[in-house]
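A.B. asks: One structure coming up, written as structure tokens, with questions to follow.
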Amino acid sequence: MKVHNTLGNGFQEVIYQRCLAIEMTKAGLSFEREKDQDIYYEDIKVGTRRADFIVENSIVVELKAIINLEDVHLAQAKNYVVAYDFEIGLLINFGSVSLQFKKLFNQEYNNV
């Protein structure tokens, strides 16, 4: 909220990403930016993706800077949560006049 309240909307996603990294550092959270994750199809590696943040090695955070979140953005963020095999994720959109966010759950998560 602080990043959006300070900057408002209208900047590129990377600006919000850098500011959010500053705020997470100030809060004492451990995180990785743009961590690569291999994507498999039938046990064959078909590519890699990068989530914007992995926080505390347990939460995927995906950022957007668009006018409005659409289903395709939600689907992308949900796919990241599954690909990284985390229980939850967060999709945050800084591009709207009001901050938009969605908490995501991995239905396939199996904490074994």
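The values are calculated or read from the model by the stated rules, or taken from the named source; none is laboratory data. This is a predicted model, so every value here is computed, not measured. Using ideal geometry, Cβ is built from the backbone for each residue, glycine included, and neighbour counts are taken over all protein chains shown.
A.B. asks: Applying the selection to the range 32-51, what residues are of a type in the set (A, V, I, L, M, F, W, C) and surrounded by 10 or more Cβ atoms within 10 Å (Cβ to Cβ)?
C.D. replies: Ile39, Ala51
A.B. asks: Just to be sure, is Ile66 among the hydrophobic types (A, V, I, L, M, F, W, C), farther than 23 Å from His4 by Cβ and surrounded by fewer than 18 Cβ atoms within 10 Å (Cβ to Cβ)?
C.D. replies: It is false that Ile66 is among the hydrophobic types (A, V, I, L, M, F, W, C), farther than 23 Å from His4 by Cβ and surrounded by fewer than 18 Cβ atoms within 10 Å (Cβ to Cβ).
A.B. asks: Going through the range 84-98 one residue at a time, which ones are surrounded by 15 or more Cβ atoms within 10 Å (Cβ to Cβ) and closer than 20 Å to Tyr16 by Cβ?
C.D. replies: Correct list: Gly89, Leu90, Leu91, Ile92, Asn93, Phe94, Gly95, Ser96.
A.B. asks: Of the residues Val81, Val3, only one is surrounded by 17 or more Cβ atoms within 10 Å (Cβ to Cβ), at pLDDT below 95, of a type outside the set (Ser, Thr, Tyr) and in contact with a Phe, Trp or Tyr (Cβ under 8 Å, 6 or more places away or on another chain); which?
C.D. replies: Val81
A.B. asks: Another question, then. What residue, among those in the range 33-63 that are under 14 Å from Asn106 (Cβ atoms) and among the small types (Gly, Ala, Ser), is nearest to the chain's Cα centre (by Cα)?
C.D. replies: Ala51
A.B. asks: To continue, here is another question. Looking at this structure, is Val55 at pLDDT 95 or above, β-branched (Val, Ile, Thr) and crowded, with 16+ Cβ neighbours inside 10 Å?
C.D. replies: Here the answer is yes, as Val55 does meet what is asked.
A.B. asks: If you take the residues in the range 29-52 that are of a type in the set (Ser, Thr, Tyr) and touching a strand residue (DSSP E or B) at 6+ places or on another chain (Cβ under 7 Å), which one is modelled with the lowest pLDDT?
C.D. replies: Tyr40
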